[in-house]
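Comments concern the structure below.
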Amino acid sequence: MEGRKRNVLVVLIAAVIAAAVLSSFGLGLFAPDTAKIVLPTPPAASGGPEDQPDIQEHLIRVEVTPQTVQNVIRTLARPESYCRTVLIEDIWGEGDQDRGETRTQVWVDGGWTRTRAALPGGRVRWSIVGEDSLWFWYEGDDTAQMCPADSSSADLEGQRIPTYEDVLSLDTALITSTGYVEQGELPCIYVETAPDPLGYWERYWVSVDSGLLVCAELSLGDTAVYRMSSYDVERPVPAGESFSLPDGQVLHTPGTPSPDPTPESDPG
């Protein structure tokens, strides 16, 4: 009799343990399925490109719409040091004689920008922007003119290009089309605006990789009147470049602290 009671007690204890285990781990088998987050395996810290997993598999492409594209572009950042060539086309007719091209070499480093612009008439204009100042001169000049500069001077005055900051200042109601597209074989964020009261409308392509504006167009109706393009970028600025005035004064040397651009006065 005692043996039978002992067996019943063992069975009851086993049943209680089984019920506890089932309540802790087994309810998920019967509960409705819930959303799961799967974290990608991080890339290895060392090894060559062949040892690295395809990071494209781990990227989540955020949807861009006229309402969200400005927030997406805000996440981009231009390189601290790079150089590239920008082609500007001004178009006022259908023939080759009805357009002008400006080809500008651009060096950007540590908050400084230097440009060399070959203008349609054949003249070459240099500029340097940094520390709230703009210096400019034409090739062959011995001295440079200096004037105040602001945050847009390097792009607008030095290169005659808009920037993705221009997109950020657009009225959202004016943005009519957005998306991810390839332009110049580069993955880009595309933005198109509605025509203004005069009939002008704009298109922008911003590189997802560099954060740089790589193409822009201003059109009147179906006709482009302005176009900029720059698809190749070198990072960082090559060693040996110097941001210097025509008189030899060095304003900035890439990779080194910037000297005071104000020349020292001669001792009296």
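Conditions (1) more than 16 Å from His252 (Cα to Cα); (2) β-branched (Val, Ile, Thr); (3) surrounded by fewer than 19 Cβ atoms within 10 Å (Cβ to Cβ); (4) touching a residue at least 24 places away in the same chain (Cβ under 8 Å), marked per residue:
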site	(1), (2), (3), (4)
Trp137	yes, no, no, yes
Gly140	yes, no, yes, no
Thr143	yes, yes, yes, yes
Cys147	yes, no, yes, no
Leu156	yes, no, yes, no
Ile161	yes, yes, no, yes
Tyr164	yes, no, no, yes
Give me a count of the residues in the range 209-240 that are assigned to a loop (DSSP other than H, G, I, E, B), open to solvent by 60 Å² or more (accessible area, probe 1.4 Å) and within 20 Å of Glu80 (Cα to Cα). 7
Residue match in the range 182-193 (condition: open to solvent by 40 Å² or more (accessible area, probe 1.4 Å), at pLDDT 95 or above and over 19 Å from the mean Cα position of the chain (by Cα)): no
Would you be able to tell me the number of residues in the range 195-242 that are acidic (Asp, Glu) and either within 13 Å of the chain's Cα centre (by Cα) or over 22 Å from Arg160 (Cβ atoms) (or both)? 2
Of the conditions (1) open to solvent by 20 Å² or more (accessible area, probe 1.4 Å); (2) over 19 Å from Ser244 (Cβ atoms); (3) in contact (Cβ under 8 Å) with a residue 12 or more places away in the chain, Asp171 satisfies every one except a single condition; which number is it? (3)
Identify, please: which residue in the range 38-85 is among the aliphatic types (A, V, I, L, M) and modelled with pLDDT of 50 or more and is, among those, surrounded by the fewest Cβ atoms within 10 Å (Cβ to Cβ)? Ile60
Quick check: anything in the range 128-141 closer than 23 Å to Tyr231 by Cβ and of a type outside the set (A, V, I, L, M)? no
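The values are calculated or read from the model by the stated rules, or taken from the named source; none is laboratory data. Keep in mind it's a predicted model, so treat the numbers as computed, not measured. Every residue, glycine as well, gets a Cβ built from its backbone with ideal geometry; the counts of neighbours run over all protein chains shown. Remember, those area values only see protein heavy atoms, side chains included, never the ligands or the DNA or RNA. Shrake-Rupley method; radii C 1.70, N 1.55, O 1.52, S 1.80 Å.
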